[in-house]
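The values are calculated or read from the model by the stated rules, or taken from the named source; none is laboratory data. Since this is a predicted model, take the numbers as computed values, not measurements. Heads up, the Cβs are rebuilt from the backbone with ideal geometry, glycines too, and the neighbour counts pull from every protein chain shown. All accessible areas refer to the heavy atoms of the entire protein, side chains included, with ligands and DNA or RNA removed. Shrake-Rupley method; radii C 1.70, N 1.55, O 1.52, S 1.80 Å.
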Amino acid sequence: MTPLGELRAAIPIGITLYKMSPVSVYFLAVLGNLAAVFLLLAFLGSFAKWSSKHIYFFNRFFAWLFSRTKNSHQDKVEKYGAYFLPLFVAIPLPITGGWTASLIAFVFGMPFKKAFPLIGLGVALAGIIVLVLTKAGIIFEKNFGWQALLGALLMVGIIYWFYKKVWRKKTQ
């Protein structure tokens, strides 16, 4: 349920350290992630209203957050609507999980009945992706050793970094 780890950390930890079955790890991780999403979607609006009225810092913070986020991303949200949320959540990268999607839904005023199922779909897809990658990593490590797994991950990271660097230069 943590904002940084979510199920991206829970699934590998559950399978490798705690030797849990992949099916139980998947369902527990998805339920834990959805619990955080539910709480955020249900109570963040009330918390923001109350804290903005009673605490000056939060009033300034939420005003800054709304104006900056809406100015930067309003066109994307209008173009794709709430239907980008499952894809956003399903990508197993840092800062693309259920917590961030819940904040996006809150900032852009998406109703709970629409946002929660879409974020839930993304969480379920992310869980499947992380489960498959975890199992593939375990198989790779058993066949080639942890050094080869670490080297492969390092190579993927370097390729990704290089791609982003070249792609940024082409778009500028």
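State which residue is nearest to PRO22 (Cα to Cα) when the search covers only the stretch 156-170 and only residues that are among the β-branched types (Val, Ile, Thr) and open to solvent by 90 Å² or more (accessible area, probe 1.4 Å). Talk me through it step by step, then tell me what you get.
From the stretch 156-170, those among the β-branched types (Val, Ile, Thr) are 156, 158-159, 166; that's our starting set.
If we keep only those that are open to solvent by 90 Å² or more (accessible area, probe 1.4 Å) too, we end up with 156, 159.
Numbers: VAL156: 25, ILE159: 29 Å.
Here the residue is VAL156.
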*Count - residues of the stretch 22-62 that are touching a helix residue (DSSP H, G or I) at 6+ places or on another chain (Cβ under 8 Å) and hydrophobic (A, V, I, L, M, F, W, C)*: 15
_If LEU39 satisfies all but one of (1) under 30 Å from ILE139 (Cβ atoms); (2) open to solvent by 30 Å² or more (accessible area, probe 1.4 Å); (3) at pLDDT 90 or above, what's the number of the condition it fails?_
(1)
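Okay, residues lined up against (1) of a type outside the set (Lys, Arg); (2) within 17 Å of LEU31 (Cα to Cα); (3) open to solvent by 80 Å² or more (accessible area, probe 1.4 Å):
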| position | (1), (2), (3) |
| --- | --- |
| THR69 | yes, no, no |
| ALA101 | yes, yes, no |
| LEU118 | yes, yes, no |
| ALA124 | yes, yes, no |
| ILE139 | yes, no, yes |
| TRP146 | yes, no, yes |
| LEU154 | yes, no, yes |
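Given the structure, is PHE62 in a helix (DSSP H, G or I), open to solvent by 80 Å² or more (accessible area, probe 1.4 Å) and of a type outside the set (D, E, K, R)? If you could, list the steps in order and put the result at the bottom.
Values: in a helix (DSSP H, G or I): yes; open to solvent by 80 Å² or more (accessible area, probe 1.4 Å): no; of a type outside the set (D, E, K, R): yes.
So PHE62 does not fit the description; no.
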*Within the stretch 71-85, which residues are surrounded by fewer than 20 Cβ atoms within 10 Å (Cβ to Cβ) and in contact with a Leu (Cβ under 8 Å, 6 or more places away or on another chain)?*
ALA82, TYR83
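Looking at this structure, is ALA48 open to solvent by less than 60 Å² (accessible area, probe 1.4 Å) and closer than 22 Å to LEU118 by Cβ? Steps first, answer last, please.
On the way: open to solvent by less than 60 Å² (accessible area, probe 1.4 Å): yes; closer than 22 Å to LEU118 by Cβ: yes.
When the stated conditions are applied, ALA48 passes them.
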_Return the residues of the stretch 28-55 that are part of a helix (DSSP H, G or I), more than 13 Å from VAL123 (Cβ to Cβ) and without any contact (Cβ under 8 Å) to a residue 60 or more places away in the chain; say none if nothing qualifies._
LEU39, PHE43, SER46, PHE47, ALA48, LYS49, TRP50, SER51, SER52, LYS53, HIS54
_Residue pairs meeting the criteria (Cβ under 6 Å; at least 6 apart or on separate chains; first over 12 Å from GLY127 (Cα atoms), in the stretch 10-27; second of a type in the set (S, T, N, Q) and assigned to a helix (DSSP H, G or I))_ = ILE15/THR134
